[in-house]
Amino acid sequence: MVLFIILCVIIFCLLNICPCGSSRYEKWTRQGSERDDLFCDFEFCKTWSEQKKYPVSECCVCLTKASWELSENANEIGYLEVEYLNREGELVIGETTGVNKEYLHLIHKQGFMKTLPNNLCEFPSIVKIDLTDNAITDLEGISCVLKLDTLIMRRNSIRYVKNTTFDGLSFLRILDLAENVIEKIEPFTFSKRELALLEIDLSHNVMRTVDVSNLAIEKPFCRIDASHNKINTIVNEGGLHMNESISYGEGGMVNLRNNTFSIFPDFTKLGVPDLTLLGKLMSFGFDFRGAKWNCNAEMVPFLQLAEDVIKNTWRDYFDVKCYLPERLRGESIPQMVNDKRLNEFTSELTGAEGCPNSCKCTYYPVSNVSTVKCASSLLHMPLEMPEKGVLDIDFSETKIKRVINASYIGRISRICLHHTGLDNIPLNFIYGINGNLLSLIDLSYTANLDRLSTSFKILDPCNVHFGKKTIFCNCNNRWIQEWIDSSSCKWNSSLTCRTSKGLVPLPILSAALGCEEENYLYKTLSVVFSIITLLLAMSLGTIYLYRYEIQIVLKQHKDPYKINLERYKYDVYISVNKESDQLHTWILKILLPDLRRSGYRVHCPTIHTLPGNFVDEEVIEKMDQSRNFLIFLSEEYLNDLDTSDSIEGIRNHLEWRHAWNSYRNSKERRLIIINYGQNRLCEIRRKNLKAFLRVGKVLDFANKKHSLMIDLIELLGPPLRQFKGLGAGKPKRNMVKKKANASKEETELKHINVIFLK
């Protein structure tokens, strides 16, 4: 039993404790890595964590060791020997101290190697390569050493690093490329998913830019050292877009000391979707010491968030200072953030940014204000101003005599015009001002400005400063005092009126000139009366314009059972132009038989009157004897004037006039229109006929539902003979409808003929 316990303890030590048997180092697994041969001094890191208030994992990332580094058995490590093939620096390697070693090292310093060994891929178990002080120009072929943990290539001649160079090297932990002549490293060289780099040294090279994808690594890392280069900007050539659900770097440090930065990075262009997430996304810090920072407005968007993220981005022991402008040189940027001095970070605007000649323009990003101070030599008000933010303009002591309604007037928050030759303020200038934005318009000491227009009424008197001013006044200027009295602030100006009776203080203007009191009630009633009159005129005009439509919509038909039966001989009078042969044939063969079968008595002059016997009296007589009128709309009805020379045209015009007058003057009669010619509203000139189409009181001859006959019979109402046969009794209301429905199939078949005729 004791032996079993001892065996278990030994196995546990082998699995969880470093190979050297030291209790200080225990197995550690890095987040996102599949390596199982890394160890951490947890005893030390726990103490460090308690002191620094940082997670233990951040300590282990930097102090981790591989199992081969802790091995006490020298026989486990084999050292490879280098053999040069020629004077060009080509060589091969071979194992000399032992064979079949678990861990191989290739160490050859201060040689004249120009390329990696030709047979490097024959030794995939190499864990460390140190080729410091050689003349190697590239690293192509290194990716076949799959177990490589440490690669040291200091002081070689490498100029360019591709993003495929380290593909497949999932065990690579330490990379040292310092003191080469590297000009560029392609995007995503160090941040590929299979890589697990903890330390990267790129210091003392000649890079002018560095891609953000090689700094913002998803997995935890210890440090990336790019100090002592010529870097002046961080770029995003790879199009990195940071994932909001990932915390990049996990406590690492990016050393960018002693580079040539002057403008602070724009993190929104470096893949950060929202600056408020910067502290969450970038869990690593920057060391920017030695940079000559220009503390201008471009820094502010980042620094406004710095109170929350500065502990991650600039660690407490880094004192980052301003170099420009001169007034801020030596100021600690973190301290300025803590002291709420961000409004001191400004930018001087140039002519390309809208700053006028003879003016100095400064942008304050915190308050989003551009100040414009113009020299005394300025003669005219500029046409353009900076487009950034609202405007605080100082034209004081210039030679400006006129102000104009320029495009930027609506963005003015303050404008000083004191001590100028200004003699007039036009209406469009005042109306162009945004009253909600304006805080001050200073017109003091403008001796030539001696008249005020009523346009000032739209401004808040609290925002207008006149100083001590004398203006011309009469009784029409009493509004000025009323305007001043309407303010909620203490009036800080003094206006004196120059009148026909001499100088008069503005408050006593009315009394001094004997001005009559204005009758506000009379003015109010006049305005109300004018509005009512205008509305009434508009209403009457609308009623007259649509008088026919109103008559049609409001027309109420009499109860069909109260109709004077003795007055009418026919149920319906049909008006149709005989010149339309197809329509006339349809009426003769289909419409008339259907109506007669339904009990209607019909008169159609083109059928029941002999040719050539047309007279006005006969048309009028037959129409007077008819209760309803059925009009087939054709071209003869389109014109507004009776210009037709044909007998048919004259008769149609007569029929329409008499049908309309009878329909309008009698509640018993109905006027039914069938649009045979498919005429559009714009083609009709008769206003009363057009009204029927506008309100939809027209039957469509080409009815897609094939319900023309049913709709027509419903509009005609019961035939007269039903009332005469029943005397005073009322017929059943659904008699006609039943009869119409009974022949529905027959009607639909006839409508097929209608469509064919059309």
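The value given for the stretch 90-176 is a Kirkwood hydrodynamic radius of 13.2 Å, derived from the mean inverse Cα-Cα separation. Applying both filters, DSSP loop and at most 13 other Cβ atoms within 10 Å, to the trypsin sites (Lys or Arg not before Pro) of the stretch 688-720 gives K704, K705.
Close amide H contacts of G78 (hydrogens built in the peptide plane, cut-off under 5 Å, sequence separation of 5 or more or a different chain): Y103, L104, H105. Among residues other than I415 with Cβ under 15 Å from its Cβ, the summed charge is -1 (Lys and Arg +1, Asp and Glu -1).
From the P(r) of the stretch 393-541, could you give the percentage of C-alpha pairs in the tail past 29 Å? Tail fraction, whole percent: 29. Legend: calculated FRET efficiency, L536 to K490, from the Cβ-Cβ distance at R0 = 56 Å, rounded to 0.05, equals 0.75.
Computed from the C-beta positions of Q678 and L715, the FRET efficiency with R₀ = 25 Å rounds to 0.80.
Close amide H pairs (under 5 Å, H built 1.01 Å from N) link E237 with V212, residues at least 5 positions away or on another chain.
Scalar couplings 3J(HN,Hα) for the stretch 384-391, obtained by applying the Karplus form with A = 6.51, B = -1.76, C = 1.60 to θ = phi - 60°, are 10, 9, x, 8, 7, x, 7, 10 Hz; x denotes Gly and Pro. If R0 equals 30 Å, the separation of the Cβ atoms of S500 and H419 corresponds to a calculated FRET efficiency of about 0.50.
Net charge of the neighbourhood of S213, taken over other residues with C-beta under 12 Å away and scored Lys/Arg +1, Asp/Glu -1, is -3.
Each value in this text was obtained by applying a stated rule to the coordinates, not by laboratory testing. The model shown is predicted, which means the values in this text are computed figures rather than measured ones. Heads up, the Cβs are rebuilt from the backbone with ideal geometry, glycines too, and the neighbour counts pull from every protein chain shown.
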